[in-house]
Amino acid sequence: MTLCDYPSNDPECDNDDSPIVEEVLGKLEDVPPGTKKTFEVRDRKVLVINDDGKLFAINGLCSHYNFSLENGTYAKGRIRCPLHGACFNVRSGDIEDYPGFDSLHSYSVSVQNGDIVIKTTEKKLGSDRKIRHLPKMKQCNDRPVVVIGGGVSTATFIEHSRLNGLITPIVVISEESFPPYDRVLLSKKPSATGEEIRLRKDDAFYEERNVKFQLKTSVTSVNSSKREVHLSNGETILYSKLVIATGGNVRKLQVPGADLKNICYVRKVEDANHVSNLHAGKHVVCVGSSFIGMEMASSLAANAASVTVISNTPEPLPVFGADIGKGIRMKFEEKGVRFELSANVVALRGNDSGEVSKVILQDGKELDVDLLVCGIGVTPATEFLNGSGIKLDKRGFIEVDEKFRTNISYIFAIGDAVTAPLPLWDIESINIQHFQTAQTHGQYLGYTIVGKPQPGPIVPYFWTLFFFAFGLKFSGCSQGFTKEYTNGDPEAGSFVRYFLKKDKVIAVAAGGPSQAASQFAEIFKKGIEVTLKDLKNSKDHTWGHLLL
């Protein structure tokens, strides 16, 4: 259930009085039961699914990054994108799992003399994405729902709370210069501007939903007894309900020379743009070999004089295992990226202009550097909550229940700054810092804040992509795993790794063409149990048959 952007002169898909289109897509024999196939009509890709003789048709490209759905995972009325796991209802076209925001068009199809015939309108064929019309907004003069933070969880909360009937004005307090944007692209495409990666391009989208943004503004404190938030500009705002979605602050190097020029941390779009503007022809060193450091290295390698990654572990991306990290490293080295493994920065030196010029490692090795990009983690952006009474854990994350309620009435929290239950894994509370999970938090709070039940369990899913050519996908939660089982060759980059607890699969990582991660996202959501015995008996490690 989402909305999508259209040019301002486009009427919404509701009230569609455009001419009827009725055309042959292809032969029924081309889509036997249990299969799916993409056809093209008037330059529009349409995916037809044959579910045991019943045909469904939707737009053929995922609304997230326009990837083909033809090889996606289909299960009982839902199609999941093989790239990043976005999931769509094939009857309505509505998006039901993330990433992405927009829904797809669904089409009426029939069989006539062995031909598959689509019946729709010119307007529906004019776009790969669907807008879902809001209920008419009623006038409301209540105190606003105040949202602190302007990331993806906020954006999704806004859309789903409105779709679920929330009429209270919404005020968003954000340190950003732009309304919510696709933060994933900061490390994958750092040259992209804020306007280019905004999730909603048109300011009217939020105006029509009675949402106001106060940008370049931070909250300095919260008075929960008076229901007040105090802002950096001296203003005080009264709230009816408060939603905290502040995400994290970058962790900074604490070594001599850390205050030199050309040392960069990427959290906002301006940070990424700054790195992009500086890096061409420069010797770049990336400190940190997890997602941000590795993605930045892959993004900068083509135009930099050199790129070196400093990893404090024996191989990069240690969460997946050393062999997987080694395989990824070797692919990076083929692209010219260098690595310093099991290494730590102990000092930085600068030139006469105060710019960083040398990185000193713990073994005494010195690296030449013109631009230092650090991706060494984040801390929760919750310092302003000191004295508010809102309960934080010892790391500073906000503790919430399954409905994203804090310990104080009328105050909720979502996204990277929270630690929340994960019921399918019997985990009482866990902090997960990934785009899809933050987006799902926003969606689910959009239900619970108006007293509606959440639409099913949360299944974590994340991905990383390097050089826009290869990467990893992961579904589930590996916390507490006791065993691994691997199929394929991790060093070659084509594999499936299963994480098990009590001989049951609790998480899956995959590289290469395998769809196992997206298949297991659906398997987990449906509560289907896969055991070590099943893994050993599998010949091809495809799992779509469990979803039929």
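In the range 524-546, of all residues being at pLDDT 95 or above and assigned to a helix (DSSP H, G or I), the one that is least open to solvent (accessible area, probe 1.4 Å) corresponds to LEU535.
When THR419, THR486, THR440 are checked against the criterion of being among the β-branched types (Val, Ile, Thr) and in a helix (DSSP H, G or I), a single residue qualifies: THR440.
The strands (runs of 3 or more DSSP E) found entirely in the range 39-113 that carry 3 or more residues being surrounded by fewer than 21 Cβ atoms within 10 Å (Cβ to Cβ) and outside the structural domain of HIS434 (by the TED database) are 44-51, 106-112. If PHE339 satisfies all but one of (1) within 21 Å of MET294 (Cα to Cα); (2) without any contact (Cβ under 8 Å) to a residue 24 or more places away in the chain, what's the number of the condition it fails? PHE339 satisfies every listed condition except (2).
Between LYS201, LYS212, the distinction of being of a type in the set (Lys, Arg) and either at pLDDT 95 or above or assigned by the TED database to the domain that holds GLY100 (or both) belongs to LYS212 only. Since LYS241 meets every condition but one in (1) among the basic types (Lys, Arg); (2) in the same structural domain as ARG198 (by the TED database); (3) more than 30 Å from HIS441 (Cα to Cα), which condition does it not meet? The single condition LYS241 does not satisfy is (3). Please state which one of GLY442, GLY375, GLY456, GLY389 is within 22 Å of SER161 (Cβ to Cβ) and at pLDDT 95 or above. On inspection, the qualifying residue turns out to be GLY442.
Selection of the range 446-471 for residues being open to solvent by less than 30 Å² (accessible area, probe 1.4 Å) and more than 14 Å from the chain's Cα centre (by Cα) yields GLY446, TYR447, THR448, ILE449, PHE466, GLY471. Between GLY512, GLY480, GLY488, the distinction of being of a type in the set (Gly, Ala, Ser), surrounded by fewer than 22 Cβ atoms within 10 Å (Cβ to Cβ), within 13 Å of GLY321 (Cβ to Cβ) and in contact (Cβ under 8 Å) with a residue 12 or more places away in the chain belongs to GLY488 only. A search for C-beta distances below 9 Å between a residue of the range 285-302 that is of a type in the set (D, E, K, R) and any residue that is assigned to a helix (DSSP H, G or I), counting only pairs 6+ apart in sequence or on different chains, returns GLU295/LEU186; GLU295/SER187; GLU295/LYS188. Before we move on, is THR168 over 24 Å from GLY293 (Cβ atoms) and at pLDDT 95 or above? Answer is yes for this residue. The residue that is least open to solvent (accessible area, probe 1.4 Å), counting only those in the range 295-322 that are in a helix (DSSP H, G or I) and more than 30 Å from GLU176 (Cβ to Cβ), is PHE320.
Conditions (1) assigned to a strand (DSSP E or B); (2) charged (D, E, K, R); (3) touching a Lys or Arg at 6+ places or on another chain (Cβ under 6 Å), marked per residue:
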site	(1), (2), (3)
ALA347	yes, no, no
ASP352	no, yes, no
ILE360	yes, no, no
LEU367	yes, no, no
ILE376	no, no, yes
PHE384	no, no, no
ILE390	no, no, no
LYS394	no, yes, no
ASP401	no, yes, no
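I'm checking my understanding of the structure. Among residues of the range 468-523 that are of a type in the set (Asp, Glu) and modelled with pLDDT of 95 or more, which one is nearest to GLN436 (Cα to Cα)? The extreme case among them is GLU484. Restricted to the range 160-181, and to residues there that are out of contact with any helix residue (DSSP H, G or I) (no Cβ under 9 Å at 6 or more places or on another chain) and under 24 Å from THR217 (Cα atoms), the residue that is surrounded by the fewest Cβ atoms within 10 Å (Cβ to Cβ) is PRO169. Among the residues of the range 272-294, those identified as open to solvent by less than 50 Å² (accessible area, probe 1.4 Å), farther than 16 Å from LEU465 by Cβ and assigned to a helix (DSSP H, G or I) are ASN273, VAL275, SER276, LEU278, HIS279. Right, GLU366: of a type outside the set (A, V, I, L, M), in contact with a Leu (Cβ under 8 Å, 6 or more places away or on another chain) and on the phi < 0 side of the Ramachandran plot or not? For GLU366, the condition - of a type outside the set (A, V, I, L, M), in contact with a Leu (Cβ under 8 Å, 6 or more places away or on another chain) and on the phi < 0 side of the Ramachandran plot - is not met.
The values are calculated or read from the model by the stated rules, or taken from the named source; none is laboratory data. In this text, all values refer to a predicted model and were calculated from it rather than measured experimentally. Note that each Cβ is placed from the backbone with ideal geometry, even for glycine, and that neighbours are counted across all protein chains shown. The accessibility values were calculated without ligands, DNA or RNA, using every heavy atom of the protein model including side chains. Shrake-Rupley method; radii C 1.70, N 1.55, O 1.52, S 1.80 Å.
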